[in-house]
Amino acid sequence: SMARQNNDTPWKKILRLYFPQAIQFFFPELAQTINWRKPPEFLDKELEQIVPKADQGNRYVDKLVRVWNLDDTRQWLLIHLEVQARKESEFPFRMLIYSNRILDRYGILATSLAILCDNSPTWRPTTCELTAPFTRHHFEFGTTKLLDYKTQEPTITQSPNPFAWITLAHLKTQATRSDPHTRKTWKFALMRQLYDRGMSGPDIRNLYEFVDWTMMLPEDLETEFWQELKAFEEQQNVTYVTNAERIGKEIGKQEGRQEGAAETATAIALKMLKKQMDLGTIAEVTDLPIEQIQRLQAELNPN
C-alpha cells in the first residue's frame, strides 16, 4: 500500500518551523490580527498533559500554540490546530473536548482550527452541538479543506508560501494514488519548483522530507527520481538534498565501513543527527528504519 504510518508525520516539524506561514496561507483573516514579530510558543508538552495520548488514528498532528495579538485588549491567543487525515464521525466532538480541556487549563477559549486532508468533497465539519434538559452547548470551529484548493492551482503555484507548495504536493499525491509514474513526474516537478523559487537549502531539505513522506514511490521509480534530482542539483551547482548521500559515504569510509554492518549504520546516523540533517535523508543513506533514527534522536536530545 502507498499509505504511511502517521507516527512519523513531517507535519509536526513543518508546522513548528513555518507556523506563521501556515496561518497566513490557510486562515489569512486570523493571521492579520497576530503580532508575528513575537515568535509563537509551542505548548506540545501541555497539550499532551490535557489530552490523552490515545490512538493518533486519523490525525496527522495536533498543536497548541500561543501567539500574541496586535491589539492590546487581549495580550495573547491560544491556537489549537489539528491536521486531520481522513473523515471521522467523532471529529467535531473531539474538537469540542479539546477546546473544553484547554479552557479548563488556561481559563481562555482557544481558537480551534482544523486542516482537513481527506478526499471526501462533502465532509465539512464545523460545529458540535450537545443538548440536555435546559442546556445547550453549541461549539463552532474553523476549517480549511485541502481539496478546495484544486480550483486555485494556477494561483498557488505562484505563491512563495511553503504551505501553497505543501497543498499542491498533497493534491498531486491524491490525484496519482494509482499512477506511480505520474506521481514520480510530479514529485520531481514539485522539487524543481523549490529551486526555481530560490528557496534556501534548509527550506528545500525540510520540504523534501515532506514530499518524500507524502509521495511514496515503488523502489525502482524512487531510484529514478533520486537520480533525476541528483543530476538536476549538479546542474544547478547545489547539493541541498543529494549531498546527504555523499556525506554518508564519506563518513562510511572514515569508519572503515563494513557493508551492511548495523553498528556502522548507527554511527553514521548519529553523526548525521549531530549535523541536524533531516530524518528522511538519514534513513535514505543508512537504510535504518525511521523509528530507529527517531529513537537515536531522542537519546541525543533528551527533553
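The values are calculated or read from the model by the stated rules, or taken from the named source; none is laboratory data. Worth saying up front: this structure is predicted, and the values here are computed from it rather than measured. As a convention, Cβ positions derive from the backbone with ideal geometry for all residues, glycine included, and neighbour counts pool all protein chains shown. All accessible areas refer to the heavy atoms of the entire protein, side chains included, with ligands and DNA or RNA removed. Shrake-Rupley method; radii C 1.70, N 1.55, O 1.52, S 1.80 Å.
Side notes on the structure shown:
- Selection within the range 103-143 - hydroxyl-bearing (Ser, Thr, Tyr) and surrounded by fewer than 11 Cβ atoms within 10 Å (Cβ to Cβ): 122, 131, 135
- Per the listing 177, 192, 205, the residue uniquely open to solvent by 10 Å² or more (accessible area, probe 1.4 Å), over 26 Å from residue 243 (Cβ atoms) and basic (Lys, Arg) is 177.
- Within the range 112-151, tally of residues that are of a type in the set (S, T, N, Q) and in contact with a helix residue (DSSP H, G or I) (Cβ under 6 Å, 6 or more places away or on another chain): 3
- Qualifying residue in the range 23-35 (condition: at pLDDT below 95, farther than 20 Å from residue 146 by Cβ and either under 15 Å from the mean Cα position of the chain (by Cα) or open to solvent by 90 Å² or more (accessible area, probe 1.4 Å) (or both)): no
- Wholly within the range 88-201, strands (runs of 3 or more DSSP E) carrying at least 3 residues that are in contact with a Ser or Thr (Cβ under 9 Å, 6 or more places away or on another chain): 111-116, 135-140
- Residue count, the range 202-229 (criterion: part of a helix (DSSP H, G or I) and within 27 Å of residue 158 (Cβ to Cβ)): 16
- Every residue from the range 185-201 that is more than 20 Å from the chain's Cα centre (by Cα) and either among the small types (Gly, Ala, Ser) or at pLDDT 95 or above (or both): 185, 198
- Of the criteria (1) hydrophobic (A, V, I, L, M, F, W, C); (2) open to solvent by less than 80 Å² (accessible area, probe 1.4 Å); (3) out of contact with any Phe, Trp or Tyr (no Cβ under 6 Å at 6 or more places or on another chain); (4) not in a loop (DSSP other than H, G, I, E, B), which one residue 65 fails: (3)
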